[in-house]
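This report refers to the structure that appears directly beneath it.
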Amino acid sequence: MVRDSTLDPDLGSVERMEQWIGSYLESQKRAVDSLDVKQLAGLVATLKEAYDGDRQIFVAGNGGSAANASHFAVDLGKGASDKLGRPFRVLSLTDNTAWITALGNDYSYDEIFVRQLRNYGRAGDVFIGVSVSGNSPNLVKAHEWARDHGLRTIALVGAKRGRMAELAEQVVVVGDTHYGRVEDVQMHVLHLLCYAFMETGVAS
């Protein structure tokens with residue numbers, strides 16, 4: 001049955017919502033399309049080198065990016081590792097609540113990642129920082145320390161790029177500044193990195 005907008009005052013709001021959803025999805029597609037395939041292939045190559053050399057891979061972010069970091073560690077540490085038959089050594093620096101709160105309380109929130117890296121990180125390891133702004137102080141400090149101590153550094157950032165993009169050896173920029181869209185596309189990237197090993201045989 002066709003709804004008559006003259007009889008149904010809610011129809012206009014339904015149509016507006018559908019228009020907004022369509023616009024949102026189009027913007028999301030553009031954000032995905034902004035990714036550079038060569039840059040992504042370079043990240044896969046870096047992770048393969050880490051895998052071949054039995055290096056540690058660290059990943060960190062704040063808020064939604066912290067959740068993405070944790071998700072990535074699960075998929076690389078379990079899914080990709082199960083497929084390959086030998087595990088990746090991967091650790092999300094966002095997951096130990098007791099340690100994070102101790103570092104934040106006793107030092108500062110800016111120190112919560114770098115002080116974990118000081119315990120674990122070694123030259124040749126990989127640090128991945130995930131941020132929309134690219135300027136999160138705790139991730140900037142971690143990138144600075146990682147760079148100065150011989151770790152490979154990767155930054156996933158939004159269109160503003162920020163200080164992380166200046167510090168990292170490899171940078172993937174999502175061409176948007178909307179937090180939800182950028183975080184979604186960054187999870188696309190992190191999933192892609194895992195499934196590159198699960199589906200292509202790149203590490204065999």
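The values are calculated or read from the model by the stated rules, or taken from the named source; none is laboratory data. Because the structure is predicted, anything quoted here is derived from the model rather than measured. Here Cβ is always computed from backbone atoms with ideal geometry, including for glycine, and neighbour counts include all displayed protein chains.
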**Prompt:** If you go through the stretch 110-137, how many residues are touching a helix residue (DSSP H, G or I) at 6+ places or on another chain (Cβ under 6 Å) and free of Cβ contacts under 8 Å to residues at least 60 places away in the same chain?
**Reply:** 11
**Prompt:** Which residues, taken from the stretch 43-65, are aliphatic (A, V, I, L, M) and in contact (Cβ under 8 Å) with a residue 60 or more places away in the chain?
**Reply:** LEU43, VAL44, LEU47, ALA50, ILE57, VAL59, ALA60
**Item:** Test: VAL114 is more than 15 Å from the chain's Cα centre (by Cα), crowded, with 21+ Cβ neighbours inside 10 Å and not acidic (Asp, Glu)
**Value:** yes
**Pairs, first farther than 12 Å from VAL189 by Cα in the stretch 67-80, second small (Gly, Ala, Ser) and crowded, with 16+ Cβ neighbours inside 10 Å, C-beta under 6 Å, six or more apart** = SER70/SER92; ALA73/SER92
**Message:** I'm checking my understanding of the structure. Among residues of the stretch 30-41 that are part of a helix (DSSP H, G or I) and surrounded by 10 or more Cβ atoms within 10 Å (Cβ to Cβ), which one is farthest from the chain's Cα centre (by Cα)?
**Reply:** ARG30
**Request:** Return the only residue of GLY124, GLY150, GLY175 being in contact with a Lys or Arg (Cβ under 6 Å, 6 or more places away or on another chain) and surrounded by fewer than 23 Cβ atoms within 10 Å (Cβ to Cβ).
**Result:** GLY124
**Prompt:** If you check every pair at least six apart or on different chains, which have Cβ atoms under 8 Å apart with a residue in the stretch 160-171 that is touching a residue at least 40 places away in the same chain (Cβ under 8 Å) and farther than 13 Å from SER133 by Cα first and a residue that is among the β-branched types (Val, Ile, Thr) and part of a helix (DSSP H, G or I) second?
**Reply:** GLN170/THR46
**Message:** Could you go through the stretch 83-92 and let me know if any residue there is at pLDDT below 95 and assigned to a helix (DSSP H, G or I).
**Reply:** yes
**Residue pairs meeting the criteria (Cβ under 7 Å; at least 6 apart or on separate chains; first more than 16 Å from VAL74 (Cβ to Cβ), in the stretch 178-204; second surrounded by fewer than 17 Cβ atoms within 10 Å (Cβ to Cβ) and of a type in the set (D, E, K, R))** = VAL202/LYS48; ALA203/LYS48
**Message:** Here's a check for you: in the stretch 7-29, which residue that is among the polar types (S, T, N, Q) and over 15 Å from HIS178 (Cα atoms) is modelled with the highest pLDDT?
**Reply:** GLN19
